[in-house]
Amino acid sequence: MTTTAPQRSGGESAASAPSERGATEPLHSAGTPPGDARGNAPRRVRVLVGLSLALGLSLVLAQGLLAKALETVATERADRQAFISLRALEDLVQRAGGKGDSVRAVVSAWQQQLPAGSAVRVIAFSGIQLEASTFSEDKDDRAAPRRLSREEKPLYDRGQRLRAAVETNREEGSARKLEVEAEALPNGGRQLSAPVEVDGAVVGLVELATPPLKEPLYPSKGALALWLLLPLALCAGASFAVRKQGLLVIASVVALAVGVGGYASYSLGMLDAQVRETQTLVAGQLRAMSERAQAVMAERQLATELALQPGNWDADPYRRPLGLVTPAGAVNEAAVAARVAELRSGAGRALGGLGTLALAVLLFIGMGGLARTVETVVENRTAYAYIAPAMVGMVVLVFFPFFYGITLSFTDSNLYNTGQSLTDIWVGLRNYAEILGDFSIAKRAQDGSIVFNYLNFYYTLFFTVVWTVTNVTIGVTVGLVLALILNVQGLALRPVYRVLLILPWAMPNYITALIWKGMFHQQFGVVNHVIRMFGGQGLAWYDTPVSSFLTVLATNGWLSFPFMMVVSLGALTSIPAELYEAARVDGASRWQQFTAITLPALKPALVPAIILSVVWTFNQFNVIFLVTEGEPSNSTEILVTQAYKYAFQRYRYGYAAAYSTVIFGILLLYSVVQNRMSRATEAA
Amino acid sequence: MKNLRLMIAAMALSALGLLSTPASAQPKEIVLWHGYRAEEKAALEKVIKQFNDAHKDIQVKTLAVPYDAYADKISATVPRGKGPDLFIFAQDRLGGWIEAGNTVEPIDFYLDDAVRKRFIPTTLEAMTYRGTVYGLPLNYKVVTLIYNKKLVPTPPKTSGELVATAKKLTDKKAGRFGLAYSYGDFYYHSALMNGFGGGVFGPGTTPTLNSPANVKSVELMMKWAEKDGILPAEPSSALITSLFNDGKAAMVFSGPWFLGEIAKGVDYGLAPLPTLDEAGGKPMRPWMTVEGVYVSAPSQNKDAAFEVAKFLTDAAAAKVLALEGRQSPANQTVYSDPKVAGDAQLKAFRDQVEVAVPMPNVPEMTMVWSPATSAMNGILKKASTPKAALDVAQKAVAKDVAGLRKK
């Protein structure tokens, strides 16, 4: 009923602005009419809508989470049971020597007690053999033992991966690489692979494929409906009893708490029961497998010097015993209780988060925040429509990477752990402490000279500041001098000079950088060629920090003066010639004219250009990276190139992210100070 | 009328085109990336052409990638499936690529004994990471003794002879030196370090920079530079080249890259690095860099790609790459070929590689360079004793490695 007015005003131009203000008046009065008696009904509706949305959203999400958790529990249950069977088989295969007829006998004996649809195979690395298999495709002419065929390469590679993982973990005394792999099969079953060790060396691989898993338990829809409708009914009842807006909102919050809390207790109870059931099943499996393994050992007369250790069979992917089930096959209540408590606190946190989200939604809608937001968006919809594409672009291309980088800086992300979640590798402020807390900048050598630690942050910062100051000084000086020359009245061929002098700027700077790098080449470079022409010795430019610095300084000076020249030239032409005439009449010298007229007139144009140029030079990656590459030994590295090297040569992504964040902090500080100063100068 | 005829003709032609496509099976296309230029590139392309002529079902296309951007390009494109099927690179980045995953395909599975035996064992070792072979070695580069025949008629066999010969030829005032090499560069120092039985990593990837053997090797280097005084100060590669070309450095430790910089008039010879009297007569053992051919993990034609890699590393291809590309092949059977055996340069590097040690291919190696370089600088400038400097470097590397390992 009220939407037509703003629509019209939005489509029209500023001429209709006064009428727009008038037209929105009825909208306000329709949304929140004055007077309690008439205002109660929409408020009630608002609170109820808010509650139903908040409850619906949180419960549906909770249902999804619960379904996912139940599925994980079911998969874990299947994996652990299969894994115990696999580890028992692995133990037997090891006792049978890892290859030969006895392994095949063990495997066929083992197959008999596996549930229908399961299959096992054993692979030996020596000779790339399929030692034994009960898979349906390995029959007749493909029956074991045989060499693996070419399309079975992934099997062999998986075995080698597990072998390397076992050796790596053992050597480092850590659990860094998975020693057991589990994957889903296309038919809905699971396939687990474990290494076979004989005399301490991994010589093969055993694999077990399970039949398709049972459908995991799905949370009941009845519970969802109960905890959704009950609070709503409560709140609806309350809305008729309570007249005051505040009390109504409080009632709705209570109703929300009842709904979310009720569903939480339902889902926690369900998870709890499932986890406990898993332990019982796993314990049963352990007992069964242990008996079975004893039987096979007796039947096959395998080595029994070392007793079976069924306690180790129920283990994590690094083959560390979980301890949830005792070796005798009983449930270890204490460990399970701890496990359940851990699970509960995790689920509690997730549900707490959901509850907070729901509360925010409820309050936002119930208190009228949504109504007001919608109103503003509708009113200014043209403006929002115009900035929407840019906002999406900014979020995807700028804000997301930026915040991701900052998050990364608090982790220990590196080449080896890119697969882990960020919370697992969280180190807090350690990277920052490491970067900013290292003060070993330099030390004194025996002969009195100072040896710098080029990898130190403060050395690099010092170098970056020197680099920025020298470059900007050169850029401004050269640019200004050239601009003054070009500004001489009646200069012949001025357009030609201008074009020529702007050329360095027009060329892509990495091409320029590579050309300059070539010019400073020790043997073939034109610079050394010129030096030799005058009888000098060529210099190895990239061998000492100072000469190396000179090469980048020359390159970047060449790249930066045209910008300053163009800026100054534009400002110079706008200075009225009368000022100089008057100055000459007063007897001012040329230098006095320059300092009293030219420089002050240039200031408004030059100061912003210098501010910009400082930031560009501070982050001038291309020139440093391409020309000196930090040579010799990282002494000519600036902060950004150093951060790059930490990330892509030393593979320490978290550390590099912290480094970049520090750079960002420095530039932020610079711009804040710069703003203050320029505001102060403007005011003066 | 004429138009109609033309149309019929065109239709018939296009129908022919349609017919012929299914008739001839599409050959598999294998893309090979390399970083070669000039003669190396020409030799490689010649071998690839031989392959393409011999195999109708596999066609190889080569792409020369500028060397500066090559490694980063591999890291960026291959794991996303946008890279080549095969690529040639040195072993130093291998460990990093394997740990990053989905870049280099393990090829243990394809290797039979005949292929394994084709290579100089240490070069295949360079292609092996944690017990699995990931590439076929193509060629190697190794540091050896290069001497000026006019100044040194017979190259020294032991370090004692080396010092004696070098002392005679050294005249510091005239800027003459018996021996010149980048002794401050850790890569060149490796020959002494490995000669004493030292190394960078102990069992596995435990850093051992400050091992007694390493300290001894640095002390011997300092003795040559200080007490014997046979080495020039601040030996940049440029200085060494100009000294050798001016006849002011009689002997140089360097690799094949140095040969291209020797001036035309200089009559030079190559010989194995001397044995070390100080280490009980054991030979100096330089690091070698091995370039391998790798099958990329996301490739669609791994079998075919491996066939190409096998072809590139067999004796016939190695001969072309050696004689025309001036590479030192990792294939050991090719050295019995009379033409290759008669080539002094190839033979000298083949002799040296017998005692060479593959440079570690573990990703932890990238963390060694800068602490090791700082240590060498500190020792040369006498900022600290060899032992103290190496202790500092060891600590730094151990810290970096532990930082990478946490969790």
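Please treat every number below as a calculation from the coordinates, not as lab data. Everything numeric in this text was worked out from a predicted model, so none of it was measured. Cβ atoms come from the backbone with ideal geometry, glycine included; neighbour counts cover every protein chain shown.
Computed values, structure above
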item: Percentage of interatomic Cα-Cα distances in the stretch A:385-472 larger than 23 Å; result: 56
item: Footprinting exposure proxy for B:Asp85, A:Asp316 (fewest neighbouring C-beta atoms within 10 Å first); result: A:Asp316, B:Asp85
item: Rounded if a/c under 1.5, otherwise prolate or oblate - the stretch A:334-452, Cα gyration tensor axes; result: oblate
item: Quotient of Cα Rg and 2.2 N^0.38 Å for chain A, N being how many residues it contains; result: 1.43
item: About the Cα centre, charge dipole magnitude for the stretch B:47-165 (Lys/Arg +1, Asp/Glu -1 at Cβ), debye; result: 420
item: Burial ordering of A:Lys517, B:Lys46, fewest other beta-carbon atoms within 10 Å first; result: B:Lys46, A:Lys517
item: Chymotrypsin sites (Phe, Trp or Tyr not before Pro) restricted to DSSP loop in the stretch B:92-170 with at most 15 other C-beta within 10 Å; result: none
item: Residues in the stretch A:385-414 reached by a label modelled at A:Leu436 [backbone nitrogen below 17 Å; 7 Å Cα→Cβ]; result: A:406-411
item: Paired Rg and Dmax values of the stretch B:172-292, which use every Cα atom, in angstrom; result: 15.3, 48
item: Dipole of chain B, positive direction: furthest Cα of B:Thr206, B:Ala233, B:Gly101, with charges on the beta-carbon; result: B:Ala233
item: Full-extension gain in nm, A:Leu57 to A:Ala273, via 0.36 nm per residue minus C-alpha separation; result: 75.2 nm
item: Helix-derived mean residue ellipticity, 222 nm - over chain B, DSSP H n ≥ 4, -39500 (n - 2.57), to 500; result: -13000 deg cm²/dmol
item: Crossing angle, helix A:545-573 versus chain A [Cα axis fit, 0-90 degrees, rounded to tens]; result: 60
item: Proximal aspartates and glutamates to B:Lys150, defined as alpha-carbon separation beneath 16 angstrom and excluding residues fewer than eight positions away on the same chain; result: B:Asp246, B:Asp267
item: Sequence of B:Lys168, B:Lys227 once ranked by neighbouring C-beta atoms within 10 Å, starting from the fewest; result: B:Lys227, B:Lys168
item: Links that overshoot a 30 Å alpha carbon limit, given the list B:Lys264/B:Lys339; B:Lys46/B:Lys347; A:Lys99/B:Lys82; B:Lys227/B:Lys248; B:Lys310/B:Lys339; result: A:Lys99/B:Lys82
item: Overall form of chain B per C-alpha gyration tensor (a/c, 1.5; a/b vs b/c); result: prolate
item: Net charge over other residues, Cβ less than 12 angstrom from the Cβ of B:Ala271 (K, R count +1; D, E count -1); result: +1
item: Globularity index of the stretch A:506-552, i.e. its alpha-carbon radius of gyration over 2.2 N^0.38 Å; result: 1.20
item: Dipole magnitude of the protein assembly as shown about its Cα centre (Cβ charges: Lys, Arg +1; Asp, Glu -1), debye to nearest 20; result: 1360
item: Test item: Cα-centred dipole of chain B, Lys/Arg +1 and Asp/Glu -1 on Cβ, debye; result: 540
